[in-house]
Amino acid sequence: MGRLLAQILHAVGVVSKGHLVETDRSKLVAGFVGQTALKTQQALEAALGGMLLIDEAYALARGGDDDFGKEAIDTVVKFMEDHRDDLAVVAAGYPQEMADFIDANPGLKSRFTRTVHFADYTDDELVSIFLKLGDKHRYHLTDDALARVRHYVAAEPRTRGFGNARFVRNLFETAIAHQAMRVAPLHDPSDEHLTTLTADDIAPVDA
């Protein structure tokens, strides 16, 4: 989604290059005085001409007054002002936490002026994502396996920590691991054995 948005901004002339740089607190905040501004500046400079996506941006606003996350925020605010004509910055995170992030610096509210809320994927969309992952990696599902995928998708609570496509990817990777263990004892497995996911392979992510 972020890469597509960056390309769209380039296509309409908002930014000159249209590339995407993804980052988070761990890549922006250092443990020593003065280093956070440098790390943040480097990330921002790498994104010039494109878009910087700060994942879980609210983590920058956590901690006390001496937390280096505040230094990262200050650096982002100044850089956005200085390069407003050739840089897009997207801060992503949970709604309430992002409201706290915006309140962390007076300059953030005037620079992050648009909020986009993304609804959770529907069950059908999540199942479709699972099938597309299968196609990409050359796996196909039996009817029973597909029914089991639908069951786990429908049963997953849509709480604040729901991972949407990440949940489906984890479900798919769990299925691949189970399938590998299932076919490992076979002496001479066929291509069908190696590329078929059965209902026994579809298991809860933490199983």
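Quick rundown of the values:
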| item | result |
| --- | --- |
| Sequence-separation-based contact order of the chain, relative, with Cα cut under 8 Å and 6+ spacing, percent | 16 percent |
| Most fluctuating residue given options 119, 91, 37, as computed from a GNM of the chain linking Cα atoms under 10 Å | 119 |
| Convex hull of Cα atoms in the chain, direction-averaged projection (nm²) | 14.8 nm² |
| Rounded tilt (10° steps) of 123-136 against the dominant C-alpha axis of the chain | 80 degrees |
| Per-selection metrics, the stretch 47-116 (Cα): Rg and Dmax in Å | 11.5, 33 |
| Cα-based reach from residue 109 at 30 Å (exclusive), listing lysines while leaving out same-chain residues under 8 positions away | 17, 27, 39, 70, 78 |
| The chain: angle of helix 143-155 to the longest principal axis, Cα-based, in degrees nearest 10 | 40 degrees |
| Residue 91 long-range amide H proximity, modeled H, under 5 Å | 54 |
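Coordinate-derived values only; no laboratory data. This structure is a prediction, so every number in the text was calculated from the model and none was measured.
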